[in-house]
Structure formats: C-alpha cells, structure tokens
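First comes the structure, then the notes that go with it.
Values in this text are rule-based calculations from the coordinates and carry no lab data. The structure presented is a predicted model; accordingly, all values stated were derived computationally and were not measured. Cβ placement follows ideal geometry from the backbone for every residue including glycine, while neighbour counts extend to all protein chains displayed.
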Amino acid sequence: MPMREPFLVLLDRDGTINIDRKYLADPAGLDFLPGAIEGLTMLRDAGAVFAIVTNQSGIGRGMFDREQADTVNDHLLAMLSAHGIEIAHVALCPHAPDDACTCRKPAPGLALEAAEATGLPLETAWVIGDKTSDTGLADAVGARGILITDDPLASPAEHFTAADLVEAAGIILAEG
Ligand SMILES: [Mg+2]
Ligand SMILES: [Zn+2]
C-alpha cells in the first residue's frame, strides 16, 4: 500500500495505549494494552504522525506533580520507541475538572497544541481514546473520533468504536 500524506493521530494515553491504572504516577505501572504496538505500527506505516493528548488531573488534585507525570510520559515514549513508534508531541492537561481550563478534554486546547507542534491539520486528524471526552475532543476540532471500548452500545452513532488499537487502525486505513 502506498504511503499516504502524513496525517495526525491524537492518542489518549491511559486506557488506549497503556492499561488505565487511575492516576498513574509511577512508570512501573505502564503496561501496553493488547494490540497497542501492532495497531500503532499499522498506522505509522500508513503515514500517521502521533501525538499523545492526556488529561492528568491527578496533578491538579494534588495526587502527584508535573515532574512525576513527565517521568511517566518519558518512560512510555521510550517503551514505544523501543518498538519503533515515535511520538512527535505530548500535550498534557494538568488541571482539575473545576479549574475551567481550555485544555481538559473535551476542550480543544490539547489538540490545537498538537497541531501547532506538528504542523499538521486537524481536518484530516483522528482522535483515539477510551472516553467520550476523547470523541468529544474530535468533535471540538473537526477531527474524526474512535472510541476504544468493549461495549458495542457505548458510543454515539456518529463515532467509530473499536476494541483496541488494531481495530482502530483498521478503521482509519479503510476510511482514508
Ligand atoms: Mg483514557
Ligand atoms: Zn487544562
């Protein structure tokens, strides 16, 4: 298959790439979800440029600090890189829900930051995540969204659903 023009894929972190440990502050808790590397490899080979867009309200809630969050992210990026997957940008919201910031998903800030950092448009971007705040982010910036879920009834009809990143990659390759 010929490689397409580079396109942006905005990836949620917890529950999408790695197992959601709830307020993860220790790199030792990073474990890939089944299909994560395979799916990301499929997308990479098709021209995807990856950015992580992650709400880390544990910072705003005082459960861990920014340095700990950055350590977890750096570790995850190294784990991905060991499998040939490079992340172009990590956009992180450190705020608590009642901070009324402009970056906590589904607010558009993290996607705008990733688009700016990579120089790629949001019109051809995809957002993949396990919460409706992720598909909501897609809606907020005019991107397409895929909800990672085991529940076929979990998603509104206007979004795609996939069990894992392999399925998500298959959708993106099929949709173009
Ligand atoms: Mg998540
Ligand atoms: Zn924020």
Inset, instruction - Select from segment 1-35 the residues that are crowded, with 21+ Cβ neighbours inside 10 Å and either over 19 Å from Asp134 (Cβ atoms) or touching a Pro at 6+ places or on another chain (Cβ under 9 Å) (or both) and list them in ascending order. - result: Leu8
Inset, instruction - Determine whether Ala69 is within 16 Å of ligand 2 (Cβ to nearest atom), buried (at least 19 other Cβ atoms within 10 Å of the Cβ) and among the small types (Gly, Ala, Ser). - result: yes
Inset, instruction - Can you confirm whether segment 154-165 contains a residue that is within 13 Å of ligand 1 (Cβ to nearest atom) and not in a loop (DSSP other than H, G, I, E, B)? - result: yes
Legend entry - Residue selected from segment 1-51 under the condition within 27 Å of Met63 (Cβ to Cβ) and of a type in the set (Phe, Trp, Tyr), by the criterion farthest from ligand 2 (Cβ to nearest atom): Phe32
Legend entry - For Thr135: the one exception among (1) surrounded by 18 or more Cβ atoms within 10 Å (Cβ to Cβ); (2) more than 19 Å from Thr54 (Cβ to Cβ): (2)
Legend entry - Of all residues in segment 75-99 being under 17 Å from the mean Cα position of the chain (by Cα) and within 11 Å of ligand 2 (Cβ to nearest atom), the one that is farthest from Asp45 (Cα to Cα): Pro94
Inset, instruction - Consider Thr16 carefully, then state whether it is among the polar types (S, T, N, Q), within 16 Å of Ala91 (Cα to Cα) and touching a Gly at 6+ places or on another chain (Cβ under 6 Å). - result: yes
Inset, instruction - May I ask you to verify whether Leu147 is buried (at least 19 other Cβ atoms within 10 Å of the Cβ), touching a His at 6+ places or on another chain (Cβ under 6 Å) and not polar (S, T, N, Q)? - result: yes
Inset, instruction - For Thr102, state whether it is β-branched (Val, Ile, Thr), more than 23 Å from Ala46 (Cα to Cα) and either within 16 Å of ligand 2 (Cβ to nearest atom) or out of contact with any Pro (no Cβ under 7 Å at 6 or more places or on another chain) (or both). - result: yes
